[in-house]
Each structure stands twice: as C-alpha cells, then as structure tokens.
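> Mind looking over this structure? Questions follow.
The values are calculated or read from the model by the stated rules, or taken from the named source; none is laboratory data. Keep in mind the model is a prediction, meaning the values are calculated, not measured. Neighbour counts are summed over all protein chains in view; Cβ atoms, including those assigned to glycine, are modelled from backbone coordinates with ideal geometry. Remember, those area values only see protein heavy atoms, side chains included, never the ligands or the DNA or RNA. Shrake-Rupley method; radii C 1.70, N 1.55, O 1.52, S 1.80 Å.
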Amino acid sequence: MFQTLYSYFWWERLWLPANLTWADLEDRDGRVYAKASDLYITLPLAFLFLVVRHLFETYVATPLAGLLNVKEKIRLKATPNPVLEKFYAATTKHPKQADMEMLSKKSGCTVRQVERWFRRRRNQDRPSLLKKFREASWRFTFYLLAFIAGMAVIVDKPWFYDLREVWKGYPIQSMLPSQYWYYMIELSFYWSLLFSIASDVKRKDFKEQIIHHVATIILISFSWFANYIRAGTLIMALHDSSDYLLESAKMFNYAGWRNTCNNIFIVFAAVFIVTRLVILPFWIMHCTVVYPLDLYPAFFGYYFFNFMMVVLQSLHVFWAYLIIRMAQKFITGKASGGPGTARSSQALLRGETDNSEEEEEAVKNGPLSNGHPVLNNNHRKTD
C-alpha cells in the first residue's frame, strides 16, 4: 500500500508537464538538477538554526538591548489566591461580570479586588520586553542577510531583468550551487519558525502566521520538486526585501525610539505595498500564470503552485490593510493621540495577542521619546 501511495504521489503528471519524465531531470553532462532528497537536509538545519538563534539572542541581542536602553516595566504581581488562581488556569483569564461576583463570594474579595487580581495576573503572563526585542533582533538579522544573499544570487541572472527567461528551457534547467544553498537556508529558517512558534511571543495574527509559514514551506518545497527554482528565488528575495524593515521598526519600538520606529515603519509600509501588492501580483504572478502556458499545457503542478501563490497573496492583502491603517495614523500623528489609539495603532509592532497592556497599576517612570524620558505623566508609554 505504501508503495502504491508513493507511486501516486510521484506520478509525473502531477509534477511535470506532459511528455516529460523524471528521467529527463537526471544529472548528466555536468548538469545538476533539483531532487526531492535534497530537502532532507533542511530539517537538521532547522534545529541548527534554533541553536544559533539561542546563542544569538543570548550573546548578541541581549547586550544590544542593554545598549539601546530596553528596560522592563515594573509589573505588580497578583497576591496569591488559590480560588482565583484555579479559575484563571482552568476556566478563563477574562471572567465575565457574573463570574466576578461569584469569585468575589468564594474568595472573600470585593469585585473590584477580583478585577484588579485578574488584570495583574494577566500582566504576569505577558512576554517580557527583552524577549520581544531578542526575537525581533534575530528575525531582523536573518531577513537582512537573506535579502542580501538573495540579491547576490539573482541580480546577475537574465531572468531578473526579463521574466520570460524564467521559463526558457523549462523544466530542463540545471541548478546552480548558489540556488541550492539559498533554497536550503530559506526553507530551514521557515521550518525553525514553525517549530518555535509555540514558544515565541504569541501575536494577534497567530493563525495567519501559521498559515503563512505552512504555505511558504509548501511553496518552497514544491517549487524545488517541480524545478520552479528561478521563479522561487525571485519570490523569496521579494519577500525578504521588506521583512527586515518591519523587524527593525519593532526593535526601535521596544527601545522607546518612537520617531525612529515610525519613520522606519513608513518606509516598510511603502516597500511592502510596492513589493507585495504591485510587483508580486502584476509581475511575478503574471509570470507564473501566463508565461508557462506559452510553452506547455496546464498541469496539476501549475495549478497547485499558483493556488498557493493566491493563498500568500490573500495574506498579504490582510496584512496590507493593517499596515496601511497604522501608517496613516503615524503620518497624521494620531498614533500618539491617546492611550487607546496608540495601543491599537502599534498592535502589529508589539507583536502580541492582547489589545491593551493592562498596566494602569504598574509603577511608571514616564514614557520615552527616542530613548529619553518625557516629563509628562498624563500618558503612559505604550509597548
């Protein structure tokens, strides 16, 4: 049965155009082609990435956080209370009014005290500022290096300037060593993100992030199997072109450098919109949807690859909506118009699950502006 499923999975009509077989992609005459077995190395490399990430966050990101004056806010701890703790752990972290009154009777506290206890208890579970800064630093470093490496891989290739060259001779296109390592490193990194997503700071778009990572892994893997390598390198480099800007904006946001953060975010928003909403759909997807049909009839792999591209593009539209809203608030100055507005406008930069910081009772030293305290105690610093 396993052999039958294996045969169906690797049926040539699923992966390759008509009249082509896997034998056509066997190495010969010094030409090397992509093979599915090449991707086995990405799993151990993913775990190596996790080790490197731990070392980077410990010995690079943490000292950098100190240099940028990334400081934790003092959070008041909830007083130990077995009744409230049991309800918090087993039922919900956000009890309704009826639950508050019930817990008030059981615990001997007033309703107001119960509300305060749950607020402080939720704050205890919130990820630390240092943890968020270290994660952003790691992603910034990888995306920046990956973008530089990606451009080095494709900038001297004819298909970087003429997208019709992407399909010239397809699928009999030999693989270059630079393409091999670019693919292996990118795929390994996304595997590492998927492996660590449960322990990382949980974002508001947690489900969308999982969909994005899975879709990206499937796209990279499938493009390797079907020898869509030229298109794949273009797509990966295009995505890396804006991601490092977002992570750098987050880093400055955590450091309290609001003006720098906002300026970088505006640049990020512009790059994101141009690359993900203009170049990707109207150049790259046009290249993967239209040009192949000039060479061969559509087959399953053609439909599958472009379907996954549509999934990614849908996520880009969703994120672009959030990004444009934030950029508009930064440009108009509404991002600092009040605690509620600031919290909602910087939700993506914070990368957290909850909408609010819930720390009205935390000890405050005042907000920061570009790393310096502002003598205005009427507004609290929004993380």
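> Exactly one condition in (1) without any contact (Cβ under 8 Å) to a residue 40 or more places away in the chain; (2) not in a helix (DSSP H, G or I) is false for Tyr296; which is it?
All conditions pass for Tyr296, except number (1).
Okay, residues lined up against (1) modelled with pLDDT of 95 or more; (2) part of a helix (DSSP H, G or I); (3) assigned by the TED database to the domain that holds Ala226; (4) buried (at least 17 other Cβ atoms within 10 Å of the Cβ):
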{"residue": "Ser241", "(1), (2), (3), (4)": "no, yes, yes, yes"}
{"residue": "Leu246", "(1), (2), (3), (4)": "no, yes, yes, yes"}
{"residue": "Lys250", "(1), (2), (3), (4)": "no, yes, yes, yes"}
{"residue": "Tyr254", "(1), (2), (3), (4)": "no, yes, yes, yes"}
{"residue": "Phe265", "(1), (2), (3), (4)": "no, yes, yes, yes"}
{"residue": "Ile279", "(1), (2), (3), (4)": "yes, yes, yes, no"}
{"residue": "Pro292", "(1), (2), (3), (4)": "no, yes, yes, yes"}
{"residue": "Gly301", "(1), (2), (3), (4)": "no, yes, yes, yes"}
{"residue": "Asn306", "(1), (2), (3), (4)": "no, yes, yes, no"}
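> Taking the stated definitions as given, is Met184 in contact with a strand residue (DSSP E or B) (Cβ under 9 Å, 6 or more places away or on another chain) and open to solvent by less than 60 Å² (accessible area, probe 1.4 Å)?
On the way: in contact with a strand residue (DSSP E or B) (Cβ under 9 Å, 6 or more places away or on another chain): no; open to solvent by less than 60 Å² (accessible area, probe 1.4 Å): yes.
So Met184 does not fit the description; no.
> Provide a single number: the residues in segment 1-50 that are basic (Lys, Arg) and touching a residue at least 60 places away in the same chain (Cβ under 8 Å). Before the answer, list the steps.
Quick first cut of segment 1-50, residues basic (Lys, Arg) only: 13, 28, 31, 35.
Checking the rest, the ones that are also touching a residue at least 60 places away in the same chain (Cβ under 8 Å) come to 13, 31.
Result for segment 1-50: 2.
> Report, ordered by the first and then the second residue, all pairs with beta carbons closer than 8 Å, sequence separation of six or more or different chains, a first member in segment 60-81 that is over 30 Å from Arg112 (Cβ atoms), and a second member that is in a loop (DSSP other than H, G, I, E, B) and open to solvent by less than 60 Å² (accessible area, probe 1.4 Å).
Listed pairs, sorted by first residue: Leu68/Gly371; Asn69/Gly256; Asn69/Gly371; Val70/Gly256.
> Would you mention how many residues in segment 76-85 are over 8 Å from Arg121 (Cβ atoms) and either surrounded by 12 or more Cβ atoms within 10 Å (Cβ to Cβ) or of a type in the set (A, V, I, L, M) (or both)?
4
> Can you find, within segment 110-163, the residue that is modelled with the lowest pLDDT among those that are open to solvent by 50 Å² or more (accessible area, probe 1.4 Å) and not in a helix (DSSP H, G or I)?
Thr110
Matching residues to (1) under 19 Å from Val153 (Cα atoms); (2) within 18 Å of the chain's Cα centre (by Cα):
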residue	(1), (2)
His239	yes, yes
Asn253	no, yes
Gly256	no, no
Thr260	no, no
Val271	no, yes
Arg276	no, yes
Phe282	no, no
Val290	no, no
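> To continue, here is another question. For residues that are more than 18 Å from the chain's Cα centre (by Cα) and among the hydroxyl-bearing types (Ser, Thr, Tyr), scanning just segment 169-212, find the one that is modelled with the lowest pLDDT.
Tyr170
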